[in-house]
Amino acid sequence: MSISKRFSAAVFVIASLTSIPALADWALNMPRGVTDISHKVFDMHMLAFWIMCVVAVVVFGAMFISILNHRKSKGAKAADFHESVAVEVVWTIIPFIILIVLALPAARTLIAQEDDSNAELTVKITGYQWKWQYEYPESGVSFFSSLAEESRNARRLDSGIDPNTIENYLLDVDKPLVIPVDTKVRLLLTANDVIHSWWMPEFAIKKDAIPGFINTMWTKVNETGTYRGQCTELCGRDHGFMPVVVKVVEKAEFNQWLAAQVESQDVQKQLAEAPQDTVEDAEKASAKVIAAN
Ligand SMILES: [Cu+2]
């Protein structure tokens, strides 16, 4: 291969790597996300990445130049000096500066990530084998979020359904968590059986849900939309089948949704509590509850 051909091949590889955002399914990098914290995490990741690139180019460059230009066949003679204060100072100070440059924003982001004070809404998340429960303690709303039926059917052995035909295969649920946009939401995390972990890449949050413990995290999403994540702690047979789906909606829409949940939960509660000794009684009771609501 001639040098010009090699050069154009290299340009092609670099060009296809930089056009990765166009091929979303192909993306190798982490997502930039939709929260201020996720942007900070992404920027830090890229900072570390570029510093590593420069370090790699300098270190490997020096190595290859030394190997090529100072090889024995060219008559090179190895230097025989011992100890060099100058070199030692340089290779101590440069990594020290790099570490400080990386540690400062990292510490700042870590502290911000842990500060769940002044939250406007609280949601309790409980992990189960193999689903999530979402509770809004302030309004008493509570529901389970399980793998969507299309995925559930397709994943069965010999189901005959091609998973490629299922939209968001294994990343869809029957009832997603709903939260309002531009609102600081505190998430309380626990589990009811084994350790699970709640992960939402677009929000840059991930924490273990541990039985008997309450872990906290928070998020404030800047854009409405549907976001998908997964349980990320191997929690048993169906670990791969308990996705996390969060629907972020406008504040007014959220209030409407929450009110509807409160109402439907009230109806269910009254139905469960009404005396239902016979079928007739049950029908009468449900008619009464429906009329009252
Ligand atoms: Cu799990």
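Each reported figure results from applying straightforward, stated rules to the coordinates on display, with no laboratory input. Predicted, not measured: the structure shown is a model, and the values here were computed from it. Virtual Cβ from ideal backbone geometry, glycine too; neighbours counted across all protein chains shown.
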Find the Cα radius of gyration of region 47-169, compare it with 2.2 N^0.38 Å by division, and give the number to two decimals. 2.10
Have a look at the DSSP beta bridges in the chain and tell me what percent are antiparallel, nearest 5. 70 percent
Volume of the Cα convex hull of region 121-249, divided per residue and given in Å³: 97 Å³
Cross-link list Lys207/Lys247; Lys124/Lys284; Lys251/Lys284: which exceed 31 angstrom alpha carbon to alpha carbon? Lys124/Lys284; Lys251/Lys284
Could you state the number of Å between the C-alpha centres of region 191-234 and region 65-93? 51 Å
Quick one: net charge around Val181, please, counting Lys, Arg +1 and Asp, Glu -1 for every other residue with C-beta under 14 Å from its C-beta. -3
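Over region 122-212, what is the relative contact order in percent, taking alpha-carbon pairs closer than 8 angstrom and at least six residues apart?
Working: 157 pairs, mean separation 27.6, N = 91.
Dividing the mean separation by the residue count of region 122-212 yields 30 percent.
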In the Gaussian network model of the chain, springs joining C-alpha atoms below 10 Å, which of Glu138, Glu88, Glu223 carries the largest mean-square fluctuation? Glu88
Using a Gaussian network model on the chain with a 10 Å cutoff between Cα atoms, which of Gly160, Gly127, Gly212 fluctuates the most? Gly160
Convex hull over the alpha-carbon atoms of the chain: what's its volume per residue in Å³? 248 Å³
Give the long-range amide H neighbours of Ala209: residues separated by 5 or more places, or on another chain, with amide H under 5 Å away, using H modelled in the peptide plane at 1.01 Å from N. His196, Ser197, Trp198
Quick check on packing: order 47-59, 226-238 by the mean number of other C-beta atoms within 10 Å, highest mean leading. 226-238, 47-59
